[in-house]
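Please treat every number below as a calculation from the coordinates, not as lab data. What you see is a predicted model, and the numbers here were worked out from it, not measured in a lab. So basically every Cβ, Gly included, is an ideal-geometry build from the backbone, and we count neighbours across all protein chains shown.
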Ligand code: NAD
Ligand code: WQD
């Protein structure tokens, strides 16, 4: 079965491609390489012994996208990762985010909406919940006004898909709302490669541990939490990858209960920033240099997933511990820097 993965050379996409290839799917990747490199294909081949078919295509290029679908009429499922994802950059340059994340989605849906059958998995985010009133967060928690243009593109993206699904019953879609994806494939052949200074906690930790950054800043220790630092639900990227495959199979096996479904993808357990620091130290044996600094603007106090819907309906559950995730992120960091 042919599966198209847009943005399939990126961090999450590459892990999903590995999972699909290992399950013998025929995988087509399109990516414009704006935040990834062709070297990722070698990493995938090192793990799977084969590569996906790759074409350098920008999903915003309507003509090229249309030509791709004409040449590949037998694509049975699409997993759409291609998007820009830096929250801070989206505040600085909102139109870049609306243009890339929304236009690409609209053009993709234009290709899918008139097919006899189409199955779409969309990368959404726990950011749609903002600071939820109740924890753990269920899928029926209200979507709060977005804190950033990036977050807004995920909310609008879900709405666009839902609107199209209402009038095009042959299109079936699932939005996966990821909590905080971390870690890497255990071989260290693929992982997260942030451009410039990392904005996210785990790559900042591994870059500090390897000596690229002097010190981790822990943003705020005055939150109303058990140790004063903010709480998140860190999910191993390989668990996340497995969730994509089961979600896609649910669509392709005609098991979905409505044309558009949403699932939280997290572990169900929240960890504070200091707990992550401690878990990193105990998983790797490395001492981390860190200091407490004031809160970062826009951060919520706590977010972790209610995972019952994903557990029961998808039959998916996170398998890896936080220590596993951090050990794999560290393995990846060491591998990358040994090649520098
Ligand atoms: P990433 O930047 O590593 O991967 C995205 C890939 O898409 C990159 O390879 C990039 O080159 C490509 N791309 C971007 N715009 C494109 C376009 N117009 N045409 C073709 N390719 C394009 O990001 P990621 O962390 O792997 O995230 C994947 C998806 O998951 C994104 O939609 C992101 O918003 C979403 N998401 C990520 C997180 C996270 O914390 N990483 C959390 C929730 C949701
Ligand atoms: C985690 C915790 C920080 C860096 C972001 C996006 C969200 C989603 C996932 C895409 C927070 C603290 C961080 C540092 C720190 N992405 N921290 N020092 O903010 O939960 O979510 O990525 O959809 O939309 O907003 O993740 O990794 O940036 O932060 O203390 O150097 O670590 O304050 O409490 P976040 P993060």
Legend entry - Gap separating the Cα centres of segment 170-204 and segment 230-300, nearest whole Å: 9 Å
Inset, instruction - Mind sorting 48, 165, 126 by how few other Cβ atoms lie within 10 Å of their own Cβ, fewest first? - result: 48, 165, 126
Legend entry - For 213, 23, 250, order by how many other beta-carbon atoms lie within 10 Å, fewest first: 23, 213, 250
Legend entry - For segment 107-185, fraction of C-alpha pairs farther apart than 19 Å, in %: 44 percent
Legend entry - Gyration tensor verdict on segment 3-106 (Cα atoms; rounded if a/c is under 1.5, prolate if a/b is larger than b/c, oblate otherwise): oblate
Inset, instruction - Please find the FRET efficiency linking residue 134 to residue 317, where r is the Cβ-Cβ separation and R0 is fixed at 30 Å, and quote it to the nearest 0.05. - result: 0.90
Inset, instruction - Between the alpha-carbon centers of segment 1-38 and segment 55-97, tell me the distance in whole angstrom. - result: 13 Å
Legend entry - Residue order, fewest to most surrounding Cβ atoms within 10 angstrom, among 219, 54: 219, 54
Inset, instruction - Provide the percentage of antiparallel DSSP beta bridges, counting only those with both residues in the chain; round to the nearest 5. - result: 5 percent
Legend entry - Two-decimal Rg/Rh across segment 188-326, once Rg and the Kirkwood Rh are taken from alpha-carbon atoms: 1.02
Legend entry - Selected from 97, 129, 290 as most flexible by GNM, with the chain as the system and alpha-carbon contacts under 10 Å: 290
Inset, instruction - At a temperature of 10 °C and a viscosity of 1.306 mPa s, determine how fast the chain diffuses translationally according to Stokes-Einstein, using the Kirkwood radius over alpha-carbon pairs as Rh; express D in µm²/s, rounded to the nearest whole number. - result: 78 µm²/s
Inset, instruction - Once you have all Cα-Cα distances for segment 63-214, histogram them in 10 Å bins from zero and send the whole-percent values. - result: 9, 32, 33, 20, 4, 0
Legend entry - Beta bridges per DSSP with both ends in segment 159-311, % antiparallel, nearest 5: 10 percent
Inset, instruction - Determine by what factor the alpha-carbon radius of gyration of segment 277-323 differs from 2.2 N^0.38 Å, reporting the quotient. - result: 1.69
Inset, instruction - Express the relative contact order of the chain as a whole percentage, based on alpha carbon pairs under 8 Å and six or more residues apart in sequence. - result: 19 percent
Legend entry - Estimated FRET transfer efficiency (residue 2, residue 46; beta-carbon r; R0 22 Å; 0.05): 0.40
Inset, instruction - Please build a GNM for the chain, connecting alpha carbons under 10 Å apart, and tell me which residue among 30, 160, 231 fluctuates the most. - result: 160
Legend entry - Alpha carbon convex hull of segment 141-187, volume per residue in cubic angstrom: 127 Å³
Inset, instruction - Considering only 293, 276, 218, give the residue with the highest GNM mean-square fluctuation for the chain, with springs between Cα atoms whenever their separation is below 10 Å. - result: 293
